[in-house]
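*Asks:* For reference, the structure I am asking about is given below.
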Amino acid sequence: MDEVIQVTQWFSSITPRKKAKLFFFTTHADAPTPMVGSNDVDTHEETQLPLATTVALHNFKNIDEFLKKKVNTFSCYNVIENEITKTDYEYLRFYSACKYLDVVPPFLDLEKKSAIQNKFEMTDEERDYRLLLDSADLVLEKVCDSLKPAGVSQMWTALRKDRNLIRGVKTIEIIGFFVDPNPTGIKECLFFFIVRHLQMIKKINRVNTNRLERLIAQCDESSACEEGKTIDFIIDSLRFYPTELYPFGFCLIMCVIEGRDGAMQEIEKTMEISRHLGMITHTEKNPTKETIELVKKELMKPKYQFYSSFTCWFMSHGDSNSIVLADGETIEREWFLTSFPDISTFQLKPKVFFMVSCRGANKFSLKGDEFEGQSATCDYYDIGSALIRNRMLDITDSVRDISYVQPMMDTLVAYSTILDHLSGRADTHGSIYVDRACVLMSENISRGRSLTEILEHLSQDLHEILQETMDEDRIVYKQACHYDSFFRKTLKLPYTRYPKEDVQSAPQ
């Protein structure tokens with residue numbers, strides 16, 4: 001069949017709503033194109049133009065032309081083995097979006113897709129189309145689905161009233177002040193226009209969504225939300241790190257085996273829980289400083305930007321400041337922790353480090369009947385009253401910036417013990433902290449719990465366990481774990497447990 005006919009038939013089979021979503025996913029704001037990091041507003045506006053004209057004219061002609069142009073570009077594209085190009089990214093984004101929306105063109109060359117994935121050095125697990133979807137865009141899609149046309153219209157009105165958000169943007173005027181978002185697909189086009197516009201003027205990104213939340217908060221709940229949804233529910237969905245679909249993220253397991261009984265058990269447990277969580281996992285046994293440098297270099301490769309989170313388990317001996325590597329050399333724990341968060345492929349994404357080692361030789365030893373723990377209470381302040389709100393600073397948009405981010409932001413470091421203290425082990429099972437952490441995470445999959453909730457439960461659980469030193473003194477002691485968080489959103493565990501076989505047979 002002639003390809004022109006195939007393209008025409010393919011377009012006629014796609015609903016307006018799916019066309020809007022395909023355009024949105026295909027024009028992913030963080031894709032590595034010349035417009036990223038650029039102040040060229042005209043480039044952004046050119047991308048926004050098809051959405052603006054579709055909303056204004058209730059006609060999908062310009063979106064159709066945009067998508068047809070993409071299809072033609074991909075049909076003529078010859079994959080070269082040199083450096084990764086902009087078209088390589090766009091091809092993978094387009095394919096994954098089509099797969100997700102169940103509108104894959106029958107004429108799309110899957111061999112080209114495979115060749116591009118080879119350029120990215122993707123493993124079999126990484127060829128799952130879901131890895132190529134941007135999880136932040138999927139969250140925004142769900143927000144759009146939760147709003148009625150009237151709700152999106154109210155967001156548009158609120159945006160138009162804020163001169164700081166519309167000054168100097170031509171496509172805003174194309175749409176006009178009053179819009180009718182009721183025709184099929186127009187609501188989606190208008191919502192996606194608002195989102196991309198806020199990204200364009202650097203008011204929101206995958207972590208900073210406050211400005212979008214404020215627009216939603218101005219909607220009238222009775223007319224704005226789809227059945228079963230509320231304004232609070234919609235806003236809350238934006239306050240979690242976007243880790244939709246499989247894989248949940250990339251997990252790096254580093255474990256020193258030499259001189260550490262039960263170390264292989266630690267590896268097995270952490271590998272099992274990471275797979276259940278839907279992570280793609282890499283293990284390094286007996287790491288050295290050279291190993292760490294090689295892993296850091298590996299994580300800078302372009303394919304890792306497709307992951308939505310990063311987790312690292314590092315298990316070894318250590319002291320208050322250092323961790324011991326397989327060759328006996330020590331490195332500063334702080335050096336290790338600060339060198340990974342600065343990797344560009346994981347910026348604006350949650351990074352979790354489980355540091356499992358002693359941090360000294362002190363023990364919280366127990367004598368006689370001293371087995372009772374201590375509790376503390378906190379005072380909670382209600383900041384909802386108008387009186388207290390009136391005392392707060394009025395922080396305007398002019399003094400806010402989301403462009404520059406301190407490298408440690410969006411990082412959480414979980415320590416198996418507190419400073420200067422031992423981290424307990426069992427002869428055959430390895431670290432007790434690792435064992436309890438994996439058990440609690442496994443139990444809480446599908447319950448919608450956040451990682452910090454589980455870490456707090458772990459702190460309680462671990463501190464109840466009586467441990468005994470392995471030396472001749474046989475001192476009974478307790479271990480206390482803790483974490484330092486630089487998170488700006490909440491990281492929830494997946495709702496789905498991924499058996500090992502499901503991960504291996506994931507759809508391509």
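The values are calculated or read from the model by the stated rules, or taken from the named source; none is laboratory data. Being a predicted model, the structure only gives us computed values, none of them experimental. Cβ: placed from backbone, ideal geometry, glycine included. Neighbour counts: every protein chain shown. Surface accessibility is based on the protein's heavy atoms, side chains included, excluding ligands, DNA and RNA. Shrake-Rupley method; radii C 1.70, N 1.55, O 1.52, S 1.80 Å.
*Asks:* Given the residues T270, T291, T243, T281, which is the only one that is among the polar types (S, T, N, Q) and assigned to a loop (DSSP other than H, G, I, E, B)? Spell out how you get there, then give the answer.
*Replies:* Working: T270 fails: assigned to a loop (DSSP other than H, G, I, E, B); T291 fails: assigned to a loop (DSSP other than H, G, I, E, B); T281 fails: assigned to a loop (DSSP other than H, G, I, E, B).
Of the residues listed, the single one that is among the polar types (S, T, N, Q) and assigned to a loop (DSSP other than H, G, I, E, B) is T243.
*Asks:* Then there's this: Is it the case, given these coordinates, that A150 is touching a Ser or Thr at 6+ places or on another chain (Cβ under 9 Å), surrounded by fewer than 18 Cβ atoms within 10 Å (Cβ to Cβ), part of a helix (DSSP H, G or I) and not polar (S, T, N, Q)? Walk me through how you get there before you give the answer.
*Replies:* On the way: touching a Ser or Thr at 6+ places or on another chain (Cβ under 9 Å): yes; surrounded by fewer than 18 Cβ atoms within 10 Å (Cβ to Cβ): yes; part of a helix (DSSP H, G or I): yes; not polar (S, T, N, Q): yes.
Criteria met by A150.
*Asks:* Filter segment 153-173 down to the residues that are in a helix (DSSP H, G or I) and open to solvent by less than 70 Å² (accessible area, probe 1.4 Å) and list them by number. Step through it out loud before you land on a result.
*Replies:* Restricting attention to segment 153-173, the residues satisfying the condition of being in a helix (DSSP H, G or I) are 153-161, 163-166, 170-173.
Answer for segment 153-173, where residues must be in a helix (DSSP H, G or I) and open to solvent by less than 70 Å² (accessible area, probe 1.4 Å): S153, Q154, M155, W156, T157, A158, L159, R160, L165, I166, T171, I172.
*Asks:* Can you tell me how many residues within segment 402-418 are out of contact with any strand residue (DSSP E or B) (no Cβ under 8 Å at 6 or more places or on another chain) and of a type outside the set (S, T, Y)?
*Replies:* Kept after step one, since they are out of contact with any strand residue (DSSP E or B) (no Cβ under 8 Å at 6 or more places or on another chain), are these residues of segment 402-418: 402-409, 417.
Now restrict to residues that are of a type outside the set (S, T, Y): 402, 405-409.
Counting residues in segment 402-418 that are out of contact with any strand residue (DSSP E or B) (no Cβ under 8 Å at 6 or more places or on another chain) and of a type outside the set (S, T, Y) gives 6.
*Asks:* Let me ask something else. Could you grab me the full set of residues in segment 226-237 that are touching a residue at least 60 places away in the same chain (Cβ under 8 Å) and either open to solvent by less than 10 Å² (accessible area, probe 1.4 Å) or on the phi > 0 side of the Ramachandran plot (or both)?
*Replies:* Filtering segment 226-237 for residues touching a residue at least 60 places away in the same chain (Cβ under 8 Å) gives 226, 229, 233-234, 237.
Across segment 226-237, the qualifying residue is only I234.
*Asks:* If you go through segment 188-195 one residue at a time, do you hit one that is in contact with a helix residue (DSSP H, G or I) (Cβ under 6 Å, 6 or more places away or on another chain), open to solvent by 10 Å² or more (accessible area, probe 1.4 Å), part of a helix (DSSP H, G or I) and in contact (Cβ under 8 Å) with a residue 40 or more places away in the chain?
*Replies:* no
*Asks:* Still on this structure, I have one more. Using beta carbons and a limit of 6 Å, which pairs, at least six apart or on different chains, have the first residue in segment 386-411 and polar (S, T, N, Q) and the second one at pLDDT below 85?
*Replies:* Pairs found: T411/P341.
*Asks:* Looking only at residues that are closer than 13 Å to L22 by Cβ and of a type in the set (F, W, Y) in segment 46-100, which one is most open to solvent (accessible area, probe 1.4 Å)?
*Replies:* The extreme case among them is Y100.
*Asks:* Filter the strands (runs of 3 or more DSSP E) completely within segment 295-363 down to those with at least 1 residues that are open to solvent by 40 Å² or more (accessible area, probe 1.4 Å) and farther than 24 Å from R127 by Cβ. Give the steps one after another, and end with the answer.
*Replies:* On the way: elements: 310-315, 322-324, 330-332, 351-356.
The strands (runs of 3 or more DSSP E) meeting that bar are 322-324, 330-332.
*Asks:* Let me ask you something else. With the checklist (1) surrounded by fewer than 17 Cβ atoms within 10 Å (Cβ to Cβ); (2) under 31 Å from the mean Cα position of the chain (by Cα); (3) within 30 Å of S365 (Cβ to Cβ) in hand, flag the one item R488 doesn't pass.
*Replies:* The one condition R488 does not meet is (3).
*Asks:* Checking S222 against (1) free of Cβ contacts under 8 Å to residues at least 12 places away in the same chain; (2) polar (S, T, N, Q); (3) closer than 17 Å to L491 by Cβ, which single condition isn't satisfied?
*Replies:* Only one criterion is unmet by S222, namely (3).
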